[in-house]
Amino acid sequence: MTGALAKPTTAELVHEAEQFLYLEAALLDDWRLDDWFALMHPEVIYRVPAPGSDHLDPRHTLQVIHDDHLRLGGRVTRLKSKHAHAESPHSRTRRLVSNVRAEQDGPHVVVHANFHVMRTRLGQLDHFLGAYRYVLARDGDGFLVRERVATLDHGIVEAGGTVSIIL
């Protein structure tokens, strides 16, 4: 979303988007990964672009994460297993989501927000800062995530050297 919004944004739409993002953050922070995964559309794309490549075509640039529904489901399964050594015991996280903006784009709602994810694990505190871009599809009274892009404002090394959690 650059420049003026494509369509007028209503306070109700922004509120709905905020509540959805807050629910998603709470599910992830509470390690309710199956409930979080249930919010994903069958055609979801979840990406974390490599720092500095967020404006480039993801088909031709390095991505830290580039998952479709199948790979994202596998990621959730691995994170819940004791075999995910980078997350056993699992991290404790707190997500702060702010500056939520939303616009109706045909059948979808495009949402932009800022994030600060704090992760503690084994006495180490890591910070992940950046911006989200969502494409949400209506599903009854709620939404399903069609696309979720978490763009970091820094390199991975500055955030503790690994992304073993869902940003």
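No lab work stands behind these numbers, since they all come straight from the coordinates. Being a predicted model, the structure only gives us computed values, none of them experimental. FYI the Cβ positions are ideal-geometry reconstructions off the backbone, even for glycines, and counts take in every protein chain you see.
Out of all DSSP beta bridges in the stretch 11-159, what portion is antiparallel? Express it as a percent rounded to 5. Each step should come with its number before you reach the end.
On the way: 40 of 44 bridges.
DSSP beta bridges in the stretch 11-159 are roughly 90 percent antiparallel.
Pairs of Cα atoms nearer than 8 Å and 6+ residues apart set the relative contact order; for the chain it is 25 percent. Say a paramagnetic label sat at a point 7 Å from the Cα of Asp29, along Cα to Cβ; which residues of the stretch 129-158 have their backbone N under 17 Å from it? From the stretch 129-158, the list is 129-130, 132.
With the Cα gyration tensor of the stretch 11-159 giving a ≥ b ≥ c as the square roots of its eigenvalues, does the rule (a/c under 1.5 for rounded; else a/b larger than b/c for prolate; else oblate) give rounded, prolate or oblate? Cα axes put the stretch 11-159 in the rounded bin. Volume per residue for the stretch 60-145 equals 157 cubic angstrom (convex hull of Cα atoms). Whole-Hz Karplus values for the stretch 123-137 come out as x, 9, 10, 10, 10, 10, 10, x, 10, 9, 9, 10, 10, 10, 10 Hz, taken residue by residue from phi with 6.51 cos²θ - 1.76 cosθ + 1.60 and θ = phi - 60°; glycine and proline positions read x. When exposed loop sites are taken as trypsin sites (Lys or Arg not before Pro) in a DSSP loop with at most 11 other Cβ atoms within 10 Å, the longest stretch of the chain clear of them is 83-167.
Between 0 and 90 degrees, the angle of helix 69-80 with respect to the longest Cα principal axis of the chain falls at about 40 degrees.
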